[in-house]
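The values are calculated or read from the model by the stated rules, or taken from the named source; none is laboratory data. As the structure is a prediction and not an experimental result, all values here were calculated from the model. When we count neighbours, we look across all protein chains shown, and the Cβ atoms used for this are built from the backbone with ideal geometry, even at glycine.
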Amino acid sequence: MADADKKVIELFYDTISPYSWIAFEVLCRYRSRWNIDLRLRPFSLAAVVTETGNSPPGRVPAKLKWMGRDLMRQAHFYKIPFRGRKDPNNDMANKDNIKPMFLLTAVSMDCPQHLERLTRELWLRFWSREEDITQPASLEAAATAAGIPADQTAALLAKLQDETVKARLTETTQEALRHGAFGAPTIVAHVGGKPHMYWGSDRFLLIADVLGEEWQGPLTELAHL
Amino acid sequence: MAAPVQARKTVEFFYDVLSPYTWLAFEVMCRYQQKWNIDLKLRPFFLAGIMKGADNRPPAMVPAKGQYMTKDVLMLTDMYKVPFNWPSNPTEVMFVKGSVNAGRFLTAVDMSCEQYLEELTRQLFLRIYYRDEDITEPASLLSAAMKAGIPEDLAKQLLSTIKDQTVKDRLRETTQTALDYGAFGSPTIVAHVDGKPKMFFGSDRFELMAHMLGEKWHGPLPELAKAKI
């Protein structure tokens, strides 16, 4: 099948967003079922929320409680080892959460073949094993677990504060904002030369429809975890 | 010997007709009454009361989110074959005019003649979100009631009770019941599985709900659309 036929799907995501993990796993699985070219676009959810005047959903106690239950049910349904955190609101508000996004951005620039596995490792750390993702040792551990060679990992960690990396993360975030993003995940399907933006991990019926494909359920047999 | 018939699972549908996504969920649930082994109980509540009780805010207060939802609702209603049109002034409809009379009227019908509740709900949705018509005035509610097949004198009698304390109390109670289940918006759907209530928010959890009910999700079933225009 010609690559030119493949429809580009961009997933704008942030490590602190649990629903982004669901969307990520679903889209990874559907690469073998749908004629798509999945592009991973790490961005800054904190910046998107600030710029759009939005607020984190956990601000409403009843909503936070429901999200906890909803995510556990979805984790079970999609076979994703999400286990939550004892204090998600506080942990998600940590300003240093930008650091894993700088790392993912650097990987997307220098060695994109590692982007998928590193993304998954960061989610496993933050949302499955309640581990840190902000300290250099944590990022090194994630990179190693993702199979990135030691010298490459060292080079990536050394450039986390580079202006080029920061600028690229800002650019990607701005691109998502131009598509109308106000949260994560933000999925953009390019069909017939037009971008179609979707928010959340619960619009796959609509996405399938716009792609001219069929939704085949959670495809848990293709679970990577 | 025939296999034992499984008892129907009760699914409570807490709703306010002010919410577009609620219309989607309502039509899907009505279609699935025929497909799933469920006993659907419609529970009209008061969304403004839910927002207050849960300290929540309407989602469209964030401009980019409001713009997205405008398109999202149109895409979903088109796919689900629900005949939706945005009113010319949604802000006025949702935040100024509100739904207290409609909620009380639905409650009165639920208390006296619940066999009309489904179609009355549908007629109110068609007024507000298909024909951009009022749902606050007595004449509006009467028109919806008659289109729902409620005999005129019964409809007028029920309309005369909407300011009765029993009706107000019942609407407040239903709203509180939903809050006790953890509601923070509309629709709030509570599926009772093995004696435990499972709460779902929104119109996009049906595949998950099916899984938890031990049923199969066949998509929005547009061929079973009931809203006649």
### Message
Filter the range A:26-45 down to the residues that are over 21 Å from A:Phe102 (Cα atoms) and touching a residue at least 12 places away in the same chain (Cβ under 8 Å) and list them by number.
### Response
A:Val26, A:Leu27, A:Cys28, A:Arg29, A:Tyr30, A:Ser32, A:Arg33, A:Trp34, A:Asn35, A:Ile36, A:Asp37
### Task
Hey, can you tell me all the residues within the range B:207-226 that are surrounded by 16 or more Cβ atoms within 10 Å (Cβ to Cβ), closer than 14 Å to B:Gln34 by Cβ and among the charged types (D, E, K, R)?
B:Glu215
### Query
Residues of the range A:21-56 being modelled with pLDDT under 95 and more than 10 Å from every other protein chain (Cβ to nearest Cβ), which ones?
A:Ser32, A:Pro56
### Task
Confirm whether B:Tyr68 is hydroxyl-bearing (Ser, Thr, Tyr) and either touching a helix residue (DSSP H, G or I) at 6+ places or on another chain (Cβ under 8 Å) or more than 14 Å from every other protein chain (Cβ to nearest Cβ) (or both).
no
### Which listed residue is surrounded by 15 or more Cβ atoms within 10 Å (Cβ to Cβ), within 23 Å of B:Gly53 (Cβ to Cβ) and among the acidic types (Asp, Glu), from A:Asp70, A:Asp91
A:Asp70
## Note on the structure
Over the range A:24-52, the set of residues buried (at least 17 other Cβ atoms within 10 Å of the Cβ), more than 11 Å from the chain's Cα centre (by Cα) and basic (Lys, Arg) is A:Arg29
### Query
Which residues, counting only those in the range B:194-221, are more than 8 Å from chain A (Cβ to nearest Cβ) and assigned to a helix (DSSP H, G or I)?
B:Phe206, B:Met209, B:Ala210, B:Leu213
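One line per residue, one yes/no per condition, for (1) farther than 23 Å from A:Ala181 by Cα; (2) in a loop (DSSP other than H, G, I, E, B); (3) of a type outside the set (D, E, K, R):
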site: A:Val26; (1), (2), (3): no, no, yes
site: A:Ala47; (1), (2), (3): no, no, yes
site: A:His76; (1), (2), (3): yes, no, yes
site: A:Phe82; (1), (2), (3): yes, yes, yes
### Query
Which one of these does A:Ala167 not meet: (1) closer than 21 Å to A:Phe12 by Cβ; (2) of a type in the set (A, V, I, L, M, F, W, C); (3) crowded, with 16+ Cβ neighbours inside 10 Å?
(3)
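Quick check, is B:Met146 in contact with a strand residue (DSSP E or B) (Cβ under 8 Å, 6 or more places away or on another chain) and either of a type in the set (Asp, Glu) or over 17 Å from B:Leu18 (Cβ atoms) (or both)? Before the answer, list the steps.
On the way: in contact with a strand residue (DSSP E or B) (Cβ under 8 Å, 6 or more places away or on another chain): no; either of a type in the set (Asp, Glu) or over 17 Å from B:Leu18 (Cβ atoms) (or both): yes.
Here the answer is no, as B:Met146 does not meet what is asked.
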### Message
For the range B:92-127, which positions are surrounded by fewer than 19 Cβ atoms within 10 Å (Cβ to Cβ), β-branched (Val, Ile, Thr) and more than 23 Å from B:Thr166 (Cα to Cα)?
### Response
B:Val96
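For the range A:96-126, how many residues meet the condition of being outside any helix (DSSP H, G or I) and crowded, with 24+ Cβ neighbours inside 10 Å? Before you say what the answer is, go through the steps one by one.
The first filter runs over the range A:96-126 and keeps only residues outside any helix (DSSP H, G or I), leaving A:111.
Subset that is crowded, with 24+ Cβ neighbours inside 10 Å: none.
Going through the range A:96-126 one residue at a time, the tally reaches 0.
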### Message
With in contact (Cβ under 8 Å) with a residue 12 or more places away in the chain and in contact with a Pro (Cβ under 9 Å, 6 or more places away or on another chain) as the only criterion, which of B:Ala191, B:Ala178 stands out?
### Response
B:Ala191
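Mind checking which residues of the range B:121-143 are among the aliphatic types (A, V, I, L, M) and either within 17 Å of B:Ser19 (Cα to Cα) or assigned to a loop (DSSP other than H, G, I, E, B) (or both)?
The initial filter retains those residues of the range B:121-143 that are among the aliphatic types (A, V, I, L, M), namely B:124, B:126, B:128, B:135, B:139, B:141-142.
Passing the criteria: B:Leu124, B:Leu126, B:Ile128, B:Ile135.
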### Query
Looking only at the range B:37-68, which residues are assigned to a helix (DSSP H, G or I) and over 30 Å from A:His196 (Cα atoms)?
B:Leu47, B:Ala48, B:Gly49, B:Ile50, B:Met51, B:Lys52, B:Gly53, B:Ala54
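Being within 22 Å of B:Asp134 (Cα to Cα) and crowded, with 16+ Cβ neighbours inside 10 Å narrows it down to one of B:Ala54, B:Ala64, B:Ala60, so name that one.
Details: B:Ala54 fails: within 22 Å of B:Asp134 (Cα to Cα); B:Ala64 fails: within 22 Å of B:Asp134 (Cα to Cα).
Only one candidate passes the filter, namely B:Ala60.
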### Query
Only one of (1) surrounded by fewer than 18 Cβ atoms within 10 Å (Cβ to Cβ); (2) within 12 Å of chain A (Cβ to nearest Cβ); (3) touching a residue at least 24 places away in the same chain (Cβ under 8 Å) is not met by B:Lys168, so which one is it?
(2)
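Please find, among B:Gly185, B:Gly149, the residue that is touching a helix residue (DSSP H, G or I) at 6+ places or on another chain (Cβ under 8 Å) and more than 14 Å from chain A (Cβ to nearest Cβ). Can you show your working first?
Working: B:Gly185 fails: more than 14 Å from chain A (Cβ to nearest Cβ).
One residue alone meets the criteria, B:Gly149.
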